[in-house]
Amino acid sequence: MEVLFSQGDSAKEKANVELLNTKGVKIIVICPQDASAAAAAADEARAAGVKVIFYDRLIRDSASLDYYVTFDSVAIEAAWGTYLVSKASGSGNDLIMMNAMIKVKKRAARIVGCSYAALTAMLPGA
């Protein structure tokens with residue numbers, strides 16, 4: 001297994017897929033920075049006979065999908081929130097969520113999930 005990070009750069013992501021293609025990999029898992037830009041990379045991988053798995057973001061501009069894997073963002077964020085609340089001690093402590101570096105959909109999932117966890121802790125049985 002080899003893991004390559006594209007560091008938020010669509011051109012680097014495409015270059016990483018091309019590099020893996022030249023190495024003769026059988027399966028590539030792509031968690032695209034930009035789903036539209038990743039379509040060409042997915043198509044190249046498929047043309048090279050590589051199975052393509054999209055993780056977290058569905059690449060809609062490509063027919064080169066073998067599998068798509070995702071998760072319930074709100075449930076995951078609720079679990080994180082529940083963990084944080086369970087580790088808080090004392091009373092009157094603030095729990096601050098910082099979401100500046102994540103995309104809008106993920107930010108919304110984090111806010112909903114963590115808010116659910118916090119409200120559940122404050123209002124048991126509600």
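Cβ-Cβ contacts under 9 Å between residues 6 or more apart (or on different chains), taken from a first residue in the stretch 65-93 that is closer than 22 Å to Ile30 by Cα to a second residue that is charged (D, E, K, R) and part of a strand (DSSP E or B), are listed as Asp66/Lys51; Tyr67/Lys51. For the stretch 30-88, filtering for residues that are surrounded by fewer than 13 Cβ atoms within 10 Å (Cβ to Cβ) and in a strand (DSSP E or B) leaves 2. Within the set Val50, Val17, Val69, Val3, the sole residue that is at pLDDT 90 or above and of a type in the set (Val, Ile, Thr) turns out to be Val50. In the stretch 1-28, the residues that are over 15 Å from Arg57 (Cβ atoms) and in contact (Cβ under 8 Å) with a residue 12 or more places away in the chain form Cβ pairs under 7 Å with partners that are surrounded by 10 or more Cβ atoms within 10 Å (Cβ to Cβ) and of a type in the set (D, E, K, R), at six or more places apart or across chains, as follows: Glu18/Glu44; Asn21/Glu44; Lys26/Lys51; Ile27/Lys51.
The values are calculated or read from the model by the stated rules, or taken from the named source; none is laboratory data. The model shown is predicted, which means the values in this text are computed figures rather than measured ones. Every residue, glycine as well, gets a Cβ built from its backbone with ideal geometry; the counts of neighbours run over all protein chains shown.
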